[in-house]
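> Sharing a structure, written as structure tokens. Questions coming.
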Amino acid sequence: MERVLSYVEAIREATDQQMAEDASVVVFGLDVDDPKAIQGTTRGLSEKYGPERVFGTPLSEEAMTGAAIGMALAGLRPIHIHIRMDFLLLAMNQLVNVAAKSRYMYGGQVHVPMVVRCMIGKSWGQGAQHSQGLHAYFMHVPGLKVVAPTNPYDAKGCLIQAIHDNDPVIYVEHRILHFQKGAVPEQPYRVAPGKARVMVEGSDVTLVGISYMLLECLRAGRYLKSVNVDAEVIDPIWLSPLDSETIVNSVRKTGRLCVVDNGWTTCGASAEILTQVIERLQGERQVVVHRMGYAPATCPPTPALEDLYYPNARTIASAVYDLVKGGRNHWLPDERKELQEMEFRGPF
Amino acid sequence: MRKAMVERLYRSVYRIRRVEEEIARVYPTDKIKSPVHLSIGQEAVSVGVCEALRPDDVVFGTYRSHAYYLAHGGDLKKMMAELYGKATGCAKGKGGSMHLVDVAHGVMGASAVVGTTIANAVGYAYALKLQRKDSIVVSFFGDGATDEGVFHESLNFAALKQLPLLFVCENNFYAIHTHLLRRHKEANLCERVRAYGIPVERVDDNDVLKIHEQAKAAVSQLRGRQGGPFFLECLTYRWKEHVGPNEDFHLGYRSHEEARPWVERDQVARLAALIAPENRECIEAAVEEEIRTAIAFAEHEPFPDAHELLTDVTGD
């Protein structure tokens, strides 16, 4: 029988198994050892592995990120956790100038195996500085790997891969994805970098969803089914290195591509994916493209505006319908309860 | 024993001085296409501190990287080849003067962005403590780095975890061209660091023997049961321009009068006077030969192949 875990439990189990296997794995960040244990993802680890390997830190994002790099240089495999991704902006110097570049600028004499876990927030008024999906900032920089698993299976396999990886990995979680449940093998396994997964096969249009937006894309696919539009839905999983091959192969078949990002579109992951696909297929295949993401504004906390800020299954379905049929069709599916479920309630 | 130590210190300060004078001599030929931040005048700090270290101790530093790199045993030939951009440079021509590295000799690298490596040194020291090793870490930085937030965050965490880490502030008074007194209301760095719960010492005259003595005491404390960290402030003076091979007194931000006492206390001349002439000549001849060999090596080595552009970006 399949064993079902939540995304949170999958992360906790991956961390626990790797800490048991390898004494060089350490976990730290503000509140990793507090009673809430980072939504439960670090529960019990401090008791099991001791306060030297699992420890809360001062709120010093730059120094603690720099310390993670120093630990990695000394042979540890640090996992540094941020409760919200927005705080990574305080650590950009260390991530971009040191973690990403050390292997190269020291001519291969060193490598920096470290994992930066960070969470994107959404809804319940998360607002301007608790909601940002900044993964594109990191995709831009050679030397960093970026992963955004969307289900418990990948949450575990990607984290184990990230811990073993000899490069710095930005591991992007989404607060709402924490509630996902799914089959997770107990034995450790890895989900390899640079390999996307086709979640649903289809022939009319390719739909790529990043982080939480993958869920909305899967729901959009079900709305589209009801009007006989057959969407192929792809989860890139790893944003850097990006598996453009799988997406290109899909678009070669469908001729239509819509990328829905959990972030802004300008200079974002959606722009990158569209560009790579068009560069590959131009002259070979006529392709129409569309992208969706956060509205080009700061995230508003009021639900009245926040609902408009994010793409959702229905607005995605509507846009994809236009992409497939051509022109503006003004079709918006009626809301279906089973495609609206949202387990997250505040405050955090 | 003291005689042998003085001779070691002399060899080290003389070697760094002469290497940098040679860099300054070669620089106008454009064979070195790397911004060089020379330590001429400041050698005593690196030399005095590194004399107190063991080979298994680790140093992190700044873009003014030549002095501590050489003082802690970094390979001179590989350093010169790096400045020339050659494939056999310490970073295969991918680092340059501001990012010298020699992991085999405990030189862990440097950042051009001021203050950055202080936090890396903190993490390294945390790992050493966790791994129950008795090596220590030295973090070299200038007074400019004390302006940065990461300096204060790092002091706090190092103190909290009692890390085996010696902070060495090479206070040459200037962040590029701006004096400490124009950057801080309170210029007493030691007082500020003490407030974090860290013991401090200050050497205010660039005296290499005093610096060594203080470093030795600090290192022995770090290795002992008392633990760390420790903060050592060394006042010193940069004779050359912030970056480049020349002097810069014509710019007017500082004067010859300000520099004079530091030049008069030159530690190269001072140690030279303490050594018997025949020993001194012997040391100097050996250093000169080593420098000639290193420059010839750098001149003749090949540049990196084109494929190196995309290697070492990631591990796979």
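> What are the residues in the stretch B:89-103 that are within 16 Å of the chain's Cα centre (by Cα), more than 7 Å from chain A (Cβ to nearest Cβ) and in a loop (DSSP other than H, G, I, E, B), if any?
Passing the criteria: B:Gly96, B:Leu100.
> Quick one: is A:Lys48 in the same structural domain as A:Gln109 (by TED's automatic domain parsing) and modelled with pLDDT under 95?
no
> Pairs please, first residue from the stretch A:177-206 and under 21 Å from A:Ile163 (Cβ atoms) and surrounded by fewer than 17 Cβ atoms within 10 Å (Cβ to Cβ), second anywhere and at pLDDT below 95 and of a type in the set (A, V, I, L, M), Cβ atoms under 9 Å, 6+ apart in sequence or on different chains.
none
> So if I check each of B:Gly123, B:Gly109, which one is facing chain A (nearest Cβ under 7 Å), outside any loop (DSSP other than H, G, I, E, B), out of contact with any Phe, Trp or Tyr (no Cβ under 8 Å at 6 or more places or on another chain) and farther than 25 Å from B:Ala187 by Cα?
B:Gly123
> Scan the stretch B:135-147 and give yes if some residue there is facing chain A (nearest Cβ under 7 Å) and in contact with a helix residue (DSSP H, G or I) (Cβ under 7 Å, 6 or more places away or on another chain), otherwise no.
Checked against the condition, which is being facing chain A (nearest Cβ under 7 Å) and in contact with a helix residue (DSSP H, G or I) (Cβ under 7 Å, 6 or more places away or on another chain), the stretch B:135-147 yields no hits at all.
> What number goes with the only condition from (1) part of a helix (DSSP H, G or I); (2) modelled with pLDDT under 95; (3) within 27 Å of A:Asp204 (Cα to Cα) that A:Ala271 does not pass?
(2)
> Which residue pairs have Cβ atoms under 6 Å apart, sit 6 or more places apart or on different chains, and have a first residue in the stretch A:3-31 that is in the same structural domain as A:Leu177 (by TED's automatic domain parsing) and a second that is acidic (Asp, Glu)?
none
> Another question about this same structure. State yes or no: is B:Arg280 away from chain A (no Cβ under 14 Å), surrounded by 13 or more Cβ atoms within 10 Å (Cβ to Cβ), part of a helix (DSSP H, G or I) and modelled with pLDDT of 95 or more?
yes
> Count, please, the residues in the stretch A:159-178 that happen to be under 21 Å from A:Arg77 (Cα atoms) and part of a loop (DSSP other than H, G, I, E, B).
4
> Taking only pairs six or more apart or across chains, which ones have beta-carbon atoms under 6 Å, a first residue in the stretch B:58-81 that is away from chain A (no Cβ under 13 Å), and a second residue that is among the aliphatic types (A, V, I, L, M) and surrounded by fewer than 24 Cβ atoms within 10 Å (Cβ to Cβ)?
B:Leu76/B:Ala294; B:Lys77/B:Ala294; B:Met80/B:Ala294; B:Met80/B:Ile295
> Kindly indicate whether A:Gly66 is facing chain B (nearest Cβ under 10 Å) and in contact with a Cys (Cβ under 9 Å, 6 or more places away or on another chain). Let's see the steps before the verdict.
Numbers: facing chain B (nearest Cβ under 10 Å): yes; in contact with a Cys (Cβ under 9 Å, 6 or more places away or on another chain): no.
No, not satisfied.
> Do we find that A:Thr41 is at the interface with another protein chain (Cβ under 8 Å from one of its Cβ atoms) and either crowded, with 18+ Cβ neighbours inside 10 Å or charged (D, E, K, R) (or both) in this structure?
No.
> Only one of B:Val19, B:Val26 is among the β-branched types (Val, Ile, Thr) and buried (at least 21 other Cβ atoms within 10 Å of the Cβ); which?
The conditions single out B:Val19.
> Quick test of your reading of the structure: B:Asp205 fulfils all but one of (1) touching a Cys at 6+ places or on another chain (Cβ under 8 Å); (2) under 23 Å from B:Arg2 (Cβ atoms); (3) not basic (Lys, Arg); (4) not in a helix (DSSP H, G or I). Name the failing condition by number.
Unmet for B:Asp205, out of (1) touching a Cys at 6+ places or on another chain (Cβ under 8 Å); (2) under 23 Å from B:Arg2 (Cβ atoms); (3) not basic (Lys, Arg); (4) not in a helix (DSSP H, G or I): (1).
> For the stretch B:160-182, which positions are surrounded by fewer than 19 Cβ atoms within 10 Å (Cβ to Cβ) and over 21 Å from the mean Cα position of the chain (by Cα)?
The answer is B:Leu160, B:Gln162, B:Leu181, B:Arg182.
> May I pose another question? Look at the stretch A:179-200 and say how many of its residues are among the charged types (D, E, K, R) and either in a strand (DSSP E or B) or modelled with pLDDT under 95 (or both).
Final tally of qualifying residues: 2.
> Could you list, in sequence order, all residues of the stretch A:223-259 that are more than 21 Å from the chain's Cα centre (by Cα), closer than 22 Å to A:Ala148 by Cβ and surrounded by fewer than 24 Cβ atoms within 10 Å (Cβ to Cβ)?
Matches in the stretch A:223-259: A:Asn249 only.
> For the stretch A:274-325, how many residues meet the condition of being surrounded by fewer than 17 Cβ atoms within 10 Å (Cβ to Cβ) and assigned to a strand (DSSP E or B)?
1
> Please specify each residue of the stretch A:1-29 satisfying the condition of being modelled with pLDDT of 95 or more, part of a loop (DSSP other than H, G, I, E, B) and aliphatic (A, V, I, L, M).
Scanning the stretch A:1-29 gives a single hit, A:Ala23.
The values are calculated or read from the model by the stated rules, or taken from the named source; none is laboratory data. Small disclaimer: the values here were computed from a predicted structure and weren't measured. Neighbour counts run over all protein chains shown; Cβ positions are idealised from the backbone, glycine included.
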